[in-house]
Every structure is written in C-alpha cells, then in structure tokens.
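Only one structure is covered here, and it is reproduced in the block below.
The values are calculated or read from the model by the stated rules, or taken from the named source; none is laboratory data. Everything numeric here is computed off the predicted structure, so don't read it as measured data. Reconstructed Cβ throughout: ideal geometry from the backbone, glycine too, with neighbour counts over all protein chains shown.
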C-alpha cells in the first residue's frame, strides 16, 4: 500500500504533512514495506524530518499546480490529478490522506479488504437532500448543488447518461483507500468535479464527485477508526500551535525510533487536546450561542475563561450573548 499526501504553500502545511507521514510509519510495521508519495513544492524542507523513511517526492511546480487545478482553477481538483499520477507510478492500493489528518491505528489491514468491489472513504457525512436545510446565505453553494443534480443529467466520458439522486450520500474524501481498478473511473470524477464546481462554486465539488462515482460502482465503508481528520479551521489552528513548538530543526535530528515513539505519544493525546484547548472552548461557546443553546454556551464559556481570564474580546462576546439571553427570557415571560 502506498500513502499519498500533498503539501505546499507554507510551513504550517508542511508540518501537518510531516505528522501525517510519520504517524503512518509509527503505526505501520515494518515501515520499509510501505512507501509514501509526497507531492510538494519544497522537498528539501521534508527531507530533514523524513530522512530514512521510504519517501518518493513529486515536485509541484507553479505550472504543474495550475494544470492540476484545471480550467476551473479549483484547488481540490488537484487531489484527483495526483491520485491519477500516483496510479500511473504504482500498481498498489493507494491510501490517500489530506495533510490535516494523522493516523491513530495501523491501517495495513485496510489494504487486505480493499478490492474493485470495496473501497474506503473517511466517513459518511450526510445525504445530499439534507443540504437543502442549511441556512442562507452561507448555505447557498450547497443549495446550488442540490439544484444542479436535480435539474441536470450528466453525459459521461463513455457516452452514458448519469442521473445523480438526492438520496445518495456525501462521504468525506479527506481519506480514501483506493484499489487500482478505480483508475478507470477517474475521468468520471474529473468530469463531475468540473461540472459541479462550474455550476455551484461549491468547494466540496470534488468530494461530491468521488462520492457519487464510487458509490455507483462499489461498496464504500468508513475508515474513520484509523485516522483522525481535523479539517475544522479551529482544530487546524490548534494543531499549528502544537506542531510549531515541537517540529523544530533539533527534533528533526532525532533517530527514526525516537521520532516514531514521540509521534505515537502525540497521536494519543491530540484528540483530547483539541477538545480541551481554549480556542476550541471559545469556538464551541460562540457556536452554541448562535444556535440559542445558552446553557451549553455558558458551560463552554466558563471553561474558556478559567483557562484564559484576560481575553477581553471573548468576554465582551459572552456579555453580548448574555444580554441576548436575558432579553429572550424576558420576552418569553411576557407571553
């Protein structure tokens, strides 16, 4: 099985990808049996941290990135392109992972289960018709997607006509375990991605395309138990703070065994670290307040203020929502 990861643009992205790759080797044994294809614009940065591990680098030049993004200039279209290139370079099962993820179990057993009839995506998130319930204006690109699949049929590369049902599911495409037989389906994924994004400007277009094509051709199962995908913006911020303190030049000089040992320890504490971090507590509080879940919001706010009592911006936010709560309670009493 080959791990496929992409990372480019800035140092925080590089650090996340290093954790992805090293957590893979921390859980896979022996690591020599598992190669990684790392698509990056800066191989030199990674070599200091990944020396000794079986990494094959694919250089992402500005021109190559533009080509991967296609005529629609869509960032996530690159995922399809680099998976296609990886299959051109290997006949093995591919384990694709976004760089905002780290392994928590040995994924080797997934390779034995993967076939042309069964492949894995991170987790099943929702049925397409549920997108109609998202509030506007933030939900506009998702409403547009439902309209797109409801009102259109899609002419596929082989000449067949595809109708996408609102009863189909969106699977998170941040992690996928793909059999080589999926290579012949990638033109379908490209076509649907391009069509969805042109019609909706929805940044989940490539995920929807993978979800539709794979579930139309095979069974999909979740691999959530093997990898933690911290796609949410606040969790990314917490991870960046965590890794900036730890993935230093000095840390890069540790032995392979020392690196694997520390990565194992980190992956065991990180899920709880996200939940307890003051940034996550603040975020949870504000989200709860916005949903008028005041008791829940005050619970998170109390924990956040205990951790950092001098963040006056957050305290002002809490006071604002406290005023809202009082006014809402008074209005209910009046009736």
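Of the residues that make up the stretch 84-94, is at least one under 19 Å from the mean Cα position of the chain (by Cα), assigned to a loop (DSSP other than H, G, I, E, B), within 30 Å of residue 198 (Cβ to Cβ) and not assigned by TED's automatic domain parsing to the domain that holds residue 254?
Among the residues of the stretch 84-94, not one is under 19 Å from the mean Cα position of the chain (by Cα), assigned to a loop (DSSP other than H, G, I, E, B), within 30 Å of residue 198 (Cβ to Cβ) and not assigned by TED's automatic domain parsing to the domain that holds residue 254, which makes the answer no.
This table checks each residue for (1) crowded, with 20+ Cβ neighbours inside 10 Å; (2) modelled with pLDDT of 95 or more.
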position: 70; (1), (2): no, yes
position: 76; (1), (2): no, yes
position: 86; (1), (2): yes, yes
position: 109; (1), (2): no, no
position: 125; (1), (2): no, yes
position: 131; (1), (2): yes, yes
position: 147; (1), (2): no, yes
position: 182; (1), (2): yes, yes
position: 187; (1), (2): no, yes
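Can you tell which of 207, 221, 215 is assigned to a strand (DSSP E or B) and either at pLDDT below 95 or in contact with a strand residue (DSSP E or B) (Cβ under 8 Å, 6 or more places away or on another chain) (or both)?
221
Testing residue 255 on (1) within 28 Å of the chain's Cα centre (by Cα); (2) closer than 22 Å to residue 106 by Cα; (3) surrounded by fewer than 13 Cβ atoms within 10 Å (Cβ to Cβ), one condition comes back false. Which one is that?
Going through (1) within 28 Å of the chain's Cα centre (by Cα); (2) closer than 22 Å to residue 106 by Cα; (3) surrounded by fewer than 13 Cβ atoms within 10 Å (Cβ to Cβ) one by one, residue 255 breaks only (1).
Quick grid of which residues meet (1) under 25 Å from residue 276 (Cα atoms); (2) assigned by TED's automatic domain parsing to the domain that holds residue 74; (3) touching a residue at least 12 places away in the same chain (Cβ under 8 Å):
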residue: 161; (1), (2), (3): no, yes, no
residue: 170; (1), (2), (3): no, yes, yes
residue: 186; (1), (2), (3): no, yes, yes
residue: 215; (1), (2), (3): no, yes, yes
residue: 225; (1), (2), (3): yes, yes, yes
residue: 234; (1), (2), (3): yes, no, yes
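Tell me which of these residue 263 doesn't satisfy, since it passes every other one: (1) in contact with a strand residue (DSSP E or B) (Cβ under 9 Å, 6 or more places away or on another chain); (2) closer than 30 Å to residue 204 by Cα; (3) buried (at least 18 other Cβ atoms within 10 Å of the Cβ).
Only one criterion is unmet by residue 263, namely (2).
So, in the stretch 124-151, how many residues would count as being in a helix (DSSP H, G or I) and touching a strand residue (DSSP E or B) at 6+ places or on another chain (Cβ under 9 Å)?
3
Part of a helix (DSSP H, G or I) and surrounded by fewer than 18 Cβ atoms within 10 Å (Cβ to Cβ), is that true of residue 269?
yes
Does the stretch 20-37 include one or more residues that are outside the structural domain of residue 265 (by TED's automatic domain parsing), touching a strand residue (DSSP E or B) at 6+ places or on another chain (Cβ under 6 Å), more than 20 Å from residue 261 (Cα to Cα) and free of Cβ contacts under 8 Å to residues at least 60 places away in the same chain?
yes
Tell me yes or no: at least one residue of the stretch 302-321 is within 27 Å of the chain's Cα centre (by Cα) and in a helix (DSSP H, G or I). Show your work before the answer.
The initial filter retains those residues of the stretch 302-321 that are within 27 Å of the chain's Cα centre (by Cα), namely 304.
This time we only want the ones that are in a helix (DSSP H, G or I), so: 304.
Looking for residues that are within 27 Å of the chain's Cα centre (by Cα) and in a helix (DSSP H, G or I), one finds at least one in the stretch 302-321, hence yes.
For the stretch 1-15: of the residues being part of a helix (DSSP H, G or I) and out of contact with any strand residue (DSSP E or B) (no Cβ under 7 Å at 6 or more places or on another chain), which is surrounded by the fewest Cβ atoms within 10 Å (Cβ to Cβ)?
Once the filter is applied, the top-ranked residue is 11.
Please specify each residue of the stretch 254-265 satisfying the condition of being under 18 Å from residue 46 (Cβ atoms) and either in contact (Cβ under 8 Å) with a residue 40 or more places away in the chain or assigned by TED's automatic domain parsing to the domain that holds residue 44 (or both).
The answer is 256, 259, 260, 263.
Being in contact with a strand residue (DSSP E or B) (Cβ under 8 Å, 6 or more places away or on another chain) and either over 23 Å from residue 112 (Cβ atoms) or outside any helix (DSSP H, G or I) (or both) is the requirement here; does residue 239 meet it?
Working: in contact with a strand residue (DSSP E or B) (Cβ under 8 Å, 6 or more places away or on another chain): no; either over 23 Å from residue 112 (Cβ atoms) or outside any helix (DSSP H, G or I) (or both): yes.
Spelling it out, it is not the case that residue 239 is in contact with a strand residue (DSSP E or B) (Cβ under 8 Å, 6 or more places away or on another chain) and either over 23 Å from residue 112 (Cβ atoms) or outside any helix (DSSP H, G or I) (or both).
Return the residues of the stretch 152-170 that are assigned to a strand (DSSP E or B) and surrounded by 10 or more Cβ atoms within 10 Å (Cβ to Cβ); say none if nothing qualifies.
154, 155, 162, 169, 170
Is it the case that the stretch 40-52 has a residue that's closer than 20 Å to residue 262 by Cα, part of a loop (DSSP other than H, G, I, E, B) and assigned by TED's automatic domain parsing to the domain that holds residue 95?
Yes, that holds for at least one residue.
Looking at (1) assigned to a loop (DSSP other than H, G, I, E, B); (2) at pLDDT 95 or above; (3) surrounded by 13 or more Cβ atoms within 10 Å (Cβ to Cβ), which is the only condition residue 21 fails?
Evaluating residue 21 over (1) assigned to a loop (DSSP other than H, G, I, E, B); (2) at pLDDT 95 or above; (3) surrounded by 13 or more Cβ atoms within 10 Å (Cβ to Cβ) leaves (1) as the failure.
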